[in-house]
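The values are calculated or read from the model by the stated rules, or taken from the named source; none is laboratory data. Here the structure is a predicted model, which means the values were calculated and not measured. Every residue, glycine as well, gets a Cβ built from its backbone with ideal geometry; the counts of neighbours run over all protein chains shown. Each accessible area value is taken on the protein alone, full model and side chains, heavy atoms only, with ligands, DNA and RNA left out. Shrake-Rupley method; radii C 1.70, N 1.55, O 1.52, S 1.80 Å.
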Amino acid sequence: MENYQKYLDPRTLASLEGLDLQARLVVEGYVAGMHPSPYHGFSVEFAEHREYVPGDDIRHVDWKVWSKTDKLYLKQYEEETNLLLYLLLDVSESMDYASGENVTKLQYARFIAAALAYMILEQQDSVGLVVFDDAVRRYLKPAGQPSQLKEVLRVIDAAPAREKTDMGAVFHDLAERFKKRGVVVVLSDLLDDPARVIAGIKHFRHRRHEVVVFHILDPAEVDFPFRETTLFRGLEGGAEILTDPHALREAYQDEVGKFLREIEKGCRMIDVDYVPLRTDQSLDVALSGYLASRSARIR
Amino acid sequence: MAARLIWGLGFANAPLLYGLAAAAIPIVIHLLNRRKFRETSWAAMRFLLAAIRKNQRRIRIENWLLLLTRTMVLVFLGLAMAKPFLESYGAVLLGRRTHRVFVIDASMSMTYTSADKSRFDQAKDLAGRLLKESRSGDAVSVILMGEPPRVVIGDPSPNLAEARKEIEALEPTHGRADPRTTLEAVERVLEASAIPQKELVFLSDLQSATWRVGETGSDELKRVISRLEARRPRIVFVDLGKSGGENRALTTLEIDAPVVTVGMTAHIRATVRSFGSAQGVSARARLSDDGRLGPEETVEIPPGEAVPVVFRRQFSTPGEHLIEVSLDDDPLMVDNRRRLVVPVRESLSVLLVDGHYKAEPYQAETDYLAQALEPSEEDPGRPRPIRVEVISESRLANRDLTPYDAVGLCNVARFAPQEASALDQFLRQGGGVVVFGGDQVSAENYNQILFDEGRGILPAALGPTVGDAAKKEAGFLMNALNYRHPIVAEFGGESDTVTAGLTQAITWQYHKLIPPKDGKGTIALAFDDGDPAVIEAKRHRGTVVLVATSADIGWTTWPIHKSYPPIMQQIFLRAAAGRLEQRNIRVGEPFDQSFPASGVAAPVSITTPSGKTVSAKLTAVGGLGQLHFEQTDLAGRYEARIGPPLSVVSSFAANPDPSESDPAKLDRSGLAAVFGTLNVVYVTGSNELALDPGSVGHRGELHRPLLEGLLILLLLESLLAWKFGRGPSRARGART
């Protein structure tokens, strides 16, 4: 039996071709490592979807499932299970950064987005996709058909990193577009004005969306490990800076820490799930983060 | 080692200054690193910009500090390796050459040793140190302060290394030092110097005996000092002495016999003196004879006083004996022993010249005298200290006097100039001449040939005779003048019956002796009318004794009195004492000894107490072979080997001047009194000199403080690198 868990390493995963395969491997790897059953614990609503046993009230049987699977499941929370997931993928140029052997932040975000799309569509729910930088570049409306996965993966795979980020404006725009309430998953490095980012997310909350923010950063962006004199060429058209990074490390880390704390605090204030990620981390961290947040919401 | 001067700063290892270029290394590394950098795309520019904005100034300051520290580390290292010295250190003017004259006191007191180091060695060490620290371009002279002073390096020598060697080789003398002649030597050295800036460095124990000059000497010294003042030298006195010092010394060593003969028992008298105020000082004096230990005696010496120690010694063999008396060691060792070379004669040889020679017993002029000097009735086995030979006056002219120790001239009528000259030559050799009066004496001839208005050998002119021996009407008794004179001192304190043998002798007639006004003779006996009876005077190395009356009973009854033989023996022994005296000198005095004329030009090899051998030659002086030796600056025995044709060995001893044993010293005010208006810098010993390095102009060694600074900089660099979080090779600036 193939060891799927190795595909949770983004670098290993990146060596494979095809985002659909990558997505499936992530999910399989995650499930294989964490759960005896592929879909147990996948979501709270499915955990309640237990098989019918004698004595259960047959009014709660989900006949829809029975019609597809020929098995009896209790149908107590039908409304809750119609999950609508909006994947918001940041493809601004800053997402194209990778240090050392790591994958780019965009690549990492793609893996997560694909895995989530795969997972959600596998359970008959709907997934929508937004690719943005300083504006919305592509928007796939949510759909639950199996063909949606292919479309989603195609768009994710094709999205090039370009331009600057303007999350505030994009989020406001999207909040107005998403008519149906769902779960908004943001995949971004959030390298923008924190206040504008939070304001944008807040708009989703105002529209009663649930929001999960996957804050993806490269390890070098957090640790700032450079020692030699370095010319930093700003992505997104920023300035060039020649400096001694070693002398600046402490100050830089202070700034990053302050930014992260501000984002995290902002998310907490508006009841948004905040999942900080580093591109050298295993992808199951992201999936666990998502599922943990979903679990907490359902309860 | 080449020293180079740059802006008043000297460098002992100037070529290593090129190492200063290494100071550019951190700057070059810094600049190269500015050109050599890695590039990276960067997303999180906002944080980087914020960090730079807030910390740019601090980082720049830190970088400059580190760069400066690292540069200074290499600068300090390069400078320290070049061994820099500051030429302007001290009180002399910057950039001007200095002629530094070291005057090193070499008197005996400088041999005082404490902590295994004599004051003279301390002086040499200090001079060496000051020389080592002298600035390049300075010139040095060295004068050894002795008696006389010795100019070791006269012309200003820029070769400091050679001067150090010269100073290293210096040895102290056991003699005195003369400030006046030393300052005159200094004056001559300064006069010959073309260097305008001059500095005198005196290294002395400032012993009072050396520096406290007498009234007349003081005037002379003041004149020298005022002449020195005109040359405007800077004067530094380094006082190596210690006030309140104690010392114990042998200050005299004498033998009571003027001439020593075999079998004679002589008293050897030493004086032990305690200088200082210490109570209960005892001293053990030991006598040795030619190295054989003799008796010893311990005496208690009251503070500041002298105690005599007397040893009886009988000499059984003829020849030169070295008598030495020594004390136990103390810090000043040279004065703990004194030596005496005693030539012991088989017997004294006396030639009596008879002016009234007759064959019958006791009819000749010299019969009583010969009997007194060489008594015939004595035991033939007993040693005879004096052997007498009598000749008539006519044979005097042809007689070689050299073999004799003394000559007695008894009633000799007249002297030819050649005879007078021969007698004068005899006196030069240390011989003694005793002249008696008598009826044949031509006063006119004596006064013309022998007295010669005070220039001749006689200590007094002969006046008219007093009294009449033919009539014997009025006689004159002897006045012993309280027995003060050594000739009659033996009678002092004796009973009247004994002294009557002298005082009751009647003299019927005598020559009135008229000493010149500035006469140097001493009256040993007088007549009761006040006229001198016996006058003793030194002439050259010898002694002349003039007796106013006759040697026989023609004019006086003295020859038949019991006092006559001992006093005559004493007179002749003292007259011949020049033979003995010339063997013992004070350190620093020249030694002269006469030898027969046949020895002129004979080679002489003199071995000094230090074992050094000095060659010389006998020179012709007044028809004699004269040994003249001046290098007597050490105490001890000197042995002169006279080569053929004489082929003899002669010794003499030099003893230190007792004044050098006195530890009393001048202090700052005492020194100021000597030097009057002349401004003198006074420092005590090497410690104060080290504390006050500016007292003597010298270069300031800088490599030690530089190395200390280097150490501090290395520590600072590590601290800053740690504090700023920089690695040892990362000093770079930030640029946006």
Exercise. Within the range B:438-460, can one find any residue that is in a strand (DSSP E or B) and either open to solvent by 10 Å² or more (accessible area, probe 1.4 Å) or out of contact with any Lys or Arg (no Cβ under 7 Å at 6 or more places or on another chain) (or both)?
Worked result: no
For this session: For A:GLY266, indicate whether it is touching a Gly at 6+ places or on another chain (Cβ under 6 Å), open to solvent by less than 30 Å² (accessible area, probe 1.4 Å) and more than 12 Å from every other protein chain (Cβ to nearest Cβ).
Result: no
Problem set entry | Any chance B:GLU168 is surrounded by fewer than 23 Cβ atoms within 10 Å (Cβ to Cβ), in contact with a helix residue (DSSP H, G or I) (Cβ under 8 Å, 6 or more places away or on another chain), within 23 Å of B:ASP657 (Cα to Cα) and of a type outside the set (Gly, Ala, Ser) | no
Exercise. Is there a residue being within 7 Å of chain A (Cβ to nearest Cβ), assigned to a helix (DSSP H, G or I) and surrounded by 18 or more Cβ atoms within 10 Å (Cβ to Cβ) anywhere in the range B:31-45?
Worked result: yes
Exercise. Among the residues of the range B:654-663, is any part of a strand (DSSP E or B), farther than 15 Å from B:GLY241 by Cβ and in contact with a Phe, Trp or Tyr (Cβ under 9 Å, 6 or more places away or on another chain)?
Worked result: yes
For this session: Only residues in the range B:176-198 that are not assigned by TED's automatic domain parsing to the domain that holds B:SER134 count as the first member; pair them with residues that are part of a helix (DSSP H, G or I), Cβ under 8 angstrom, at least 6 apart or cross-chain, and list the lot.
Result: none
Exercise. Got at least one residue in the range B:60-77 being surrounded by fewer than 19 Cβ atoms within 10 Å (Cβ to Cβ), modelled with pLDDT under 85 and within 14 Å of chain A (Cβ to nearest Cβ)?
Worked result: yes
Exercise. Just to be sure, is A:VAL256 open to solvent by less than 10 Å² (accessible area, probe 1.4 Å), within 19 Å of the chain's Cα centre (by Cα) and under 22 Å from A:VAL285 (Cβ atoms)?
Worked result: no
Exercise. Which members of the range B:379-411 meet the condition of being among the polar types (S, T, N, Q) and crowded, with 21+ Cβ neighbours inside 10 Å?
Worked result: B:ASN411
Seminar exercise, completed: Contact list, first residue from the range A:130-154 and open to solvent by 80 Å² or more (accessible area, probe 1.4 Å), second anywhere and in a strand (DSSP E or B) and among the aromatic types (Phe, Trp, Tyr), beta-carbon distance below 9 Å, six or more apart or interchain, is A:ARG138/A:PHE132
Seminar exercise, completed: Within the range B:629-678, of all residues that are more than 23 Å from the chain's Cα centre (by Cα) and among the hydroxyl-bearing types (Ser, Thr, Tyr), the one most open to solvent (accessible area, probe 1.4 Å) is B:THR677
Exercise. Restricting the search to the range A:203-224, which residues are surrounded by fewer than 20 Cβ atoms within 10 Å (Cβ to Cβ) and of a type in the set (A, V, I, L, M, F, W, C)?
Worked result: A:VAL222
Problem set entry | Which listed residue is assigned to a strand (DSSP E or B), in contact (Cβ under 8 Å) with a residue 24 or more places away in the chain and either open to solvent by 30 Å² or more (accessible area, probe 1.4 Å) or of a type in the set (A, V, I, L, M, F, W, C) (or both), from B:LEU369, B:LEU351, B:LEU332 | B:LEU351
